[in-house]
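Heads up: the structure comes next, in structure tokens.
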Amino acid sequence: MCLAVPGRILEVEGTKGRVDFNGIGREADLTLVPDVEPGDYVLVHAGFAIQKLDEAEAQETLKLFGELAEALEKDGRRSDDSAERDDPADGESS
């Protein structure tokens, strides 16, 4: 499965740009989206900006990623809790 993440362009220098991913700045190759400028949102996969996004689309995607992260975190806590209750190494099971 491949994952592309939306980010906001902070600066552009030739075919490279600095992109903000929720407070974390990373360099991305902008060759595939030559018309972007600071403030634009792009979809980045494997270090390459592959598509320009409008702000509403980027924000909706970021919101969904946040909801997914919350769900995974809650699921992880439940898995950890059940592993502690059902640890076969302790010889007891609930």
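The residues in segment 47-56 that are without any contact (Cβ under 8 Å) to a residue 24 or more places away in the chain and either within 19 Å of Cys2 (Cα to Cα) or surrounded by 11 or more Cβ atoms within 10 Å (Cβ to Cβ) (or both) can be counted, and the count is 4. Residues that are in a helix (DSSP H, G or I), of a type in the set (Asp, Glu), surrounded by 11 or more Cβ atoms within 10 Å (Cβ to Cβ) and out of contact with any helix residue (DSSP H, G or I) (no Cβ under 9 Å at 6 or more places or on another chain) do not occur anywhere in segment 10-26.
Looking at Leu43, Leu62, Leu30 in this structure, which one is in contact with a strand residue (DSSP E or B) (Cβ under 8 Å, 6 or more places away or on another chain), among the hydrophobic types (A, V, I, L, M, F, W, C) and modelled with pLDDT under 95?
Values: Leu43 fails: modelled with pLDDT under 95; Leu30 fails: modelled with pLDDT under 95.
Selected residue: Leu62, the only one of Leu43, Leu62, Leu30 that is in contact with a strand residue (DSSP E or B) (Cβ under 8 Å, 6 or more places away or on another chain), among the hydrophobic types (A, V, I, L, M, F, W, C) and modelled with pLDDT under 95.
For segment 34-51, the count of residues that are in a loop (DSSP other than H, G, I, E, B) and aliphatic (A, V, I, L, M) is nonzero. When Glu37 is tested against (1) surrounded by 15 or more Cβ atoms within 10 Å (Cβ to Cβ); (2) over 13 Å from the mean Cα position of the chain (by Cα), only condition (1) is not met.
The values are calculated or read from the model by the stated rules, or taken from the named source; none is laboratory data. Treat the numbers as computed from the prediction; the structure is a model and nothing was measured. FYI the Cβ positions are ideal-geometry reconstructions off the backbone, even for glycines, and counts take in every protein chain you see.
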